[in-house]
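**Student:** This is the structure I have questions about; it appears just below.
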Amino acid sequence: MSASPPGQMNHRQTLEALSGLLLVLFVAMLSSTVVSTALPKIIGSLNGSQTQYTWVVTATLLTATATTPIWGKLADLFNKKLLIQISIVVFVVGSVVAGMAQNAGELIAARAFQGIGVGGLQALVQVAIAAMIPPRERGRYNGYLGGVMALATVGGPLLGGLIVDTSWLGWRWCFFVGVPVAIIALVLLQITLHLPTVRRENVKIDYLGAALIAAGVSLLLIWISFVDDTFAWLSWQTYSMVGGTLILLALAVRVESRAPEPIVPLPIVRERNTALAILASLAVGMAMFGGAVFLGQYFQIGRGYSPTEAGLLTIPMMAGVLLSSIISGRMITKTGRIKPWIVAGAIVLVAGFGMLSTIDHATALWYVGVGMFAVGAGVGMSMQNLVLAVQNTVALKDIGAASSTVAFFRSLGGTIGVSVLGAVLARRVTDQITHDLAAAGVPASSSGGSSSLNLGALPEAIQHIVRAAYGDATGHIFLLSALIGIVGVVAALALKQVTLRDSLDLPAELKAAAVAADAIDGAPPIDQVDGGAATKQR
């Protein structure tokens, strides 16, 4: 048996470290899913609005999106283990502050800080796994990743619902509950994770590019949140915000093209498979975040179920993620082919959204469940496999940047998706409530100025109108998701076939040492195993 090449961990070390990385991933996913069913109660107790409801989610996604490329680039330059641990600490601090928030504004700010840690975790876990597991075996481990993410997405809504419905806990524990798990992960990784550090001189981090991208996206999302409500579509505010967005993003492209260490490497983005994976990831991001956020609201406000019941009702979507991610991961490892599963996932995703686009406040629950299962299955077959496809088209030295770039655009898709869908939902709900109140002869002032999400403060007659408005409007936002998902199908179909590599694409100095070690045991040189080109195109 040949020795493990320098820079690679043996099988036992890999499994031990993987347990810590999976726990980290669980914590990151739990931070979003645990509040998905609890948000209506949380925002209601803070007397927040539908716009603030959306921004509690968007703030985390936005900062995670802006910082993910930075974490990924840092992983190409500094110690990956230390960066993961720093991400966990930032996440823990953000969670504690969010749990202590006294109003919706404070909660949004804390969630934004928490998102910085989430951005690190979602990028660095992928990078660490890519650094210690050969690509040919990575499909199976991606199946495990999908399983853990499914556990977080299934258990999160249920846990959040139980916490909110338990009087002696309260909604604040939705944020506190992840803290001990994160601390355990921190200690576990300190003991088990051992990755080599390749230090480079004259390191330059593209903070200006990251700031311009974050500012451009933020300005766009602020415009989406307030247009047609606070100001008109054709107004000076629209012209200034949209124009400012275009200027900031154009400057970001210019900076990225000139930066020695760009946050989003344009040469990598211009590669066909990477560019297509980015397009597909935008659609998957909308599904992953938008589905969980607005389905929880649909069941509670639109259908009148408790947070715990809403968590149970979202199980079909999570079951779809669990089954499809594990099955597709194992089949990819067995056959080495990635594209068929990505294409199938994109198609099933659109079909699921198509079903959900027809729901209203009286739709049969079994029908909603089938649509959710299809959405979950589509996410499970495509989300991790898009990253895997990109990792097998770039050199090892670029895996950190490439992986984080795909994660960046997936998170960006989720950020824009939640913001756009939330804005559309808010407009339709407001219009429907205003219309139904007028039809019922009830003056709008009867709501007492209370937020429409604080149903307990509304008269029973108005509660019924609000529930019907939310239930009926939810289908329209999923129709938008289905239309955007078609872009993902086209991108998946255009992907070139990629066969998984059989070995790590090691740096030259490590390859030489590995060849010498293998020669002692009579094993074939790494270059012969890898075939030189590393990536085979069919």
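**Student:** Can you give me the solvent accessible area of Y239 with a 1.4 Å probe, rounded to the nearest 10 Å²?
**Tutor:** Here the residue's solvent-accessible area equals roughly 140 Å².
**Student:** Once both labels are modelled 7 Å past Cα along the beta-carbon direction, what's the F176-V93 spacing in nm?
**Tutor:** Reported label-point gap for F176 and V93 is 2.1 nm.
**Student:** Tell me the accessible surface of K334 in square angstrom (1.4 angstrom probe, heavy atoms of protein chains only), to the nearest ten.
**Tutor:** Spelled out: K334, probe radius 1.4 Å, area about 150 Å².
**Student:** Would you mind computing, in nm to one decimal, how far apart the modelled labels at T434 and T335 are, each placed 7 Å from Cα along Cα→Cβ?
**Tutor:** 5.2
**Student:** If you don't mind, another one. Take Q102, project a point 7 Å from its Cα along the Cβ direction, then tell me which residues of segment 25-57 have their backbone nitrogen under 16 Å from it.
**Tutor:** 46-47
**Student:** Ok, one more. Add +1 for every Lys or Arg and -1 for every Asp or Glu among the other residues with Cβ under 14 Å from the Cβ of L493, and state the total. Write down the numbers at each step before the final one.
**Tutor:** Numbers: positive: R272, K339, K496; negative: none.
For residues surrounding L493, the net value is +3.
**Student:** If you stretched the chain out fully between Q237 and R254, how much longer would it get, using 0.36 nm times the residue separation minus the C-alpha to C-alpha distance?
**Tutor:** Numbers: separation 17, 0.36 × 17 = 6.12 nm, distance 2.56 nm.
Between Q237 and R254, full extension yields 3.6 nm more.
**Student:** So, one more: Between A461 and V370, what length comes free when the chain is fully extended (0.36 nm per residue of separation minus the Cα-Cα distance, one decimal in nm)? Don't skip to the answer; put the middle values down first.
**Tutor:** Values: separation 91, 0.36 × 91 = 32.76 nm, distance 3.17 nm.
In short, 29.6 nm is gained.
**Student:** Among 180-189, 27-36, how do they line up by average Cβ neighbours within 10 Å per residue, starting with the highest?
**Tutor:** Details: 180-189: 17.3, 27-36: 25.8.
Highest mean packing first, the order is 27-36, 180-189.
**Student:** Related question: For segment 328-342 and segment 44-104, write down the distance between their C-alpha centroids in whole Å.
**Tutor:** Using only Cα atoms, the two centres lie 32 Å from each other.
**Student:** To continue, here is another question. Provide the gained length on full extension for the span A494 to N79, in nm with one decimal, where the gain is 0.36 nm per separating residue minus the Cα-Cα distance. Mind showing how you got there, number by number?
**Tutor:** Details: separation 415, 0.36 × 415 = 149.40 nm, distance 3.61 nm.
Result for the pair: 145.8 nm of gain on full extension.
The values are calculated or read from the model by the stated rules, or taken from the named source; none is laboratory data. Remember, it's a predicted structure, so these values are computed and weren't measured experimentally. No Cβ is skipped: glycine too gets one built from the backbone with ideal geometry, and neighbour counts run over all protein chains shown. Heads up: the accessible areas ignore ligands, DNA and RNA and are worked out on the full protein's heavy atoms, side chains in. Shrake-Rupley method; radii C 1.70, N 1.55, O 1.52, S 1.80 Å.
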